[in-house]
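Q: Here's a structure for you.
The values are calculated or read from the model by the stated rules, or taken from the named source; none is laboratory data. Bear in mind the structure is a predicted one, so any value in this text is a computation, not a measurement. With ideal geometry, Cβ positions are generated from the backbone for all residues, glycine too; neighbour counts draw on all protein chains shown. SASA here: full protein model, heavy atoms, side chains in, ligands and nucleic acids out. Shrake-Rupley method; radii C 1.70, N 1.55, O 1.52, S 1.80 Å.
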Amino acid sequence: MEIARNLTLIAHFIGLAMVIGPFLLHMRSKGGYPFNWVLSGTVVQLVTGLLLVGIAEMRLADDPDIALDHIKIAVKSGVALIAFVAALLGFLRQRKGTFTNERKLMPFFHTAGGLAIVDVFVAVLWPGLVMG
Ligand code: HEM
């Protein structure tokens, strides 16, 4: 179980890099936003995040005194879901080519990247996922 958790956590960090890396590189660009990377990264975050929750539930199932902080999980999931929707809308609009001026896609790019950073704050600053 430990190896499954570790590998999933590594994938979770790679997903994080896929969103935040391209966001930081292109946050001041006026076009050519790499929505494909950001969108894929948010999908990786949602999938690996849910897997991590499942793995934690399994590890804790035997101990009735320990519970997962479901409010933290709900907040993280909500933030990640909005980031995913913003990335998806930006990706679809960019692919359609409706905007001659790609700068109009910037709010979608900033919402997705900014919310991913918000989720890092939630992950690290909100005390533990596991409550004793
Ligand atoms: C953009 C989205 C996300 C980012 C940037 C992110 C970031 C992080 C970071 C930095 C950690 C390590 C720090 C810590 O353990 O407190 C972490 C752990 C974790 N994340 Fe996320 N996360 C995201 C989405 C999600 C989602 C949607 C879920 C659940 C549905 C989730 C569930 C978890 C769990 C369960 C852990 C702890 C793993 C463990 O220690 O066993 N994450 N996340």
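Q: What does the highest-first list of 36-49, 18-31, 53-66 look like by mean Cβ count within 10 Å?
A: Working: 36-49: 20.6, 18-31: 16.4, 53-66: 12.0.
By packing density, highest mean first, the sequence is 36-49, 18-31, 53-66.
Q: Still on this structure: Going out from 0 in 10 Å bins, what whole percent of all Cα-Cα distances in the stretch 2-77 drops into each bin?
A: Once binned at 10 Å, the Cα pair distances of the stretch 2-77 give 18, 38, 27, 12, 4, 1.
Q: With an 8 Å Cα cut-off and a minimum separation of 6 or more residues, compute the relative contact order for the chain in percent. Working shown, then result.
A: Numbers: 148 pairs, mean separation 44.1, N = 132.
Relative contact order comes out at 33 percent.
Q: Additional query: Using a Cα distance threshold of under 29 Å, what count of lysine pairs results for the stretch 2-131 when pairs must be 8 or more residues apart or interchain?
A: Values: K30/K96; K30/K104; K76/K104; K96/K104.
So the count of such lysine pairs works out to 4.
Q: Here's something else I'd like to know. Could you tell me how far the Cα centroid of the stretch 81-131 sits from the Cα centroid of the stretch 1-54, in Å?
A: Result: 11 Å between the Cα centres.
Q: By accessible area of protein heavy atoms, probe 1.4 Å, what ranking do K76, K104 get, highest first?
A: Working: K76 50, K104 125 Å².
The residues order as K104, K76, largest area first.
Q: Taking H as built 1.01 Å from N, whose amide H comes closer than 5 Å to the amide H of L68, not counting residues under 5 places away?
A: M131
Q: Treating only the Cβ of Lys, Arg, Asp and Glu as charged (+1, +1, -1, -1), what charge dipole size does the chain show about its Cα centre? Round to the nearest 20 debye.
A: Numbers: 11 positive and 8 negative charges, 211 e Å.
Result for the chain is approximately 1020 debye, rounded to the nearest 20.
Q: Expressed as a fraction of 2.2 N^0.38 Å, the rule-of-thumb size for a compact globular protein of N residues, what is the C-alpha radius of gyration of the stretch 2-131? Don't jump to the answer; show the numbers that get you there.
A: Numbers: Rg = 16.4 Å, N = 130, 2.2 N^0.38 = 14.0 Å.
Ratio of Cα Rg to 2.2 N^0.38 Å: 1.17.
Q: How much area per residue is accessible in the chain when the probe is 1.4 Å and only protein heavy atoms are counted (Å²)?
A: Working: 7860 Å² over 132 residues.
For the chain, the per-residue accessible area is 60 Å².
Q: Here is a follow-up. Label point 7 Å out from K30 along Cα-to-Cβ: which residues of the stretch 87-108 have amide N under 20 Å?
A: Within reach of a label on K30, which here means backbone N under 20 Å from a point 7 Å along Cα→Cβ, the stretch 87-108 contributes 94, 97-108.
Q: Say the dipole of the chain comes from +1 at the beta carbon of Lys and Arg and -1 at that of Asp and Glu; which of A87, L9, L115 then lies farthest toward its positive end?
A: Of the candidates, A87 comes out farthest on the positive side.
Q: Got a number for the accessible area of T98? Probe 1.4 Å, square angstrom, nearest 10.
A: About 90 Å², ignoring ligands and nucleic acids.
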